[in-house]
Amino acid sequence: MLDDKPLDIEDALNRLLENYEFPFPCSYLGVAPDDCLLFWNERGGAFSRDMASKLDALCNEFQEILVSPLLPLMQFPARLSQSLVRAQQEGAYFFAATYSEFLEKRELPEWQAALVMLERLLNRRTAHVFNFSIKQYLAVLANPELRSHVLEF
C-alpha cells in the first residue's frame, strides 16, 4: 500500500548514497595511485615502492627543515608568491584554497617548512637525492589527508 505522502527525492537519494563507496579516481581512470596524489586517501591504494621511497625522502627532508630556524614572517607572503610564480612557469599550479591556508597559517613552523621545501625543490637543492616533481609536491600540499600522512601536519 502506498502512502499519500509525496516522495522526497532528495531524501531518497541521500539514503541510497549514504553507504555507497565511491571509487578512487585511479580505479576508473585506469592509472596507478602514484599518478593520483591529489586524490589519494587511506583506502585509495598503496603507492609503488618508488613513490613510497620518494615520499619517505620528502618526509625526512621536511623533518630536517622543521627543526631549523623559522622564516621572518614579513618575508613569508613575498617568498610564497615568488615560489608559486616560478612553479607556474614550470607548469605546476597551486589551488587558491591551499594558498589561503598557507597565508592563514604562516606563523606555524610546519607551513614555513613547507615553503622552504618548495623553494628547495624549485632550486633543485634538496639534501636527499630524489626525483620529486613540483606538481607532485603541490599535490601533497593540496591534499590534506596525504599531507597529514606524509608530512604529518
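The values are calculated or read from the model by the stated rules, or taken from the named source; none is laboratory data. From a predicted model like this one, the values you see are computed outputs, not experimental measurements. Note: accessible area is taken over every heavy atom of the protein model, side chains too, but ligands, DNA and RNA are not part of it. Shrake-Rupley method; radii C 1.70, N 1.55, O 1.52, S 1.80 Å.
So here's what we get for this one:
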| read-out | value |
| --- | --- |
| Nonlocal amide H pairs with Phe153, under 5 Å, H built at 1.01 Å | Ser148 |
| Cα-based shape type of segment 39-153, given that a ≥ b ≥ c are square roots of the gyration tensor eigenvalues and the cut on a/c is 1.5 | rounded |
| Heavy atoms of Lys135: accessible area, 1.4 Å probe, square angstrom to 10 | 120 Å² |
| Global form of segment 71-129, assessed from the alpha-carbon gyration tensor, a/c cut-off 1.5 | oblate |
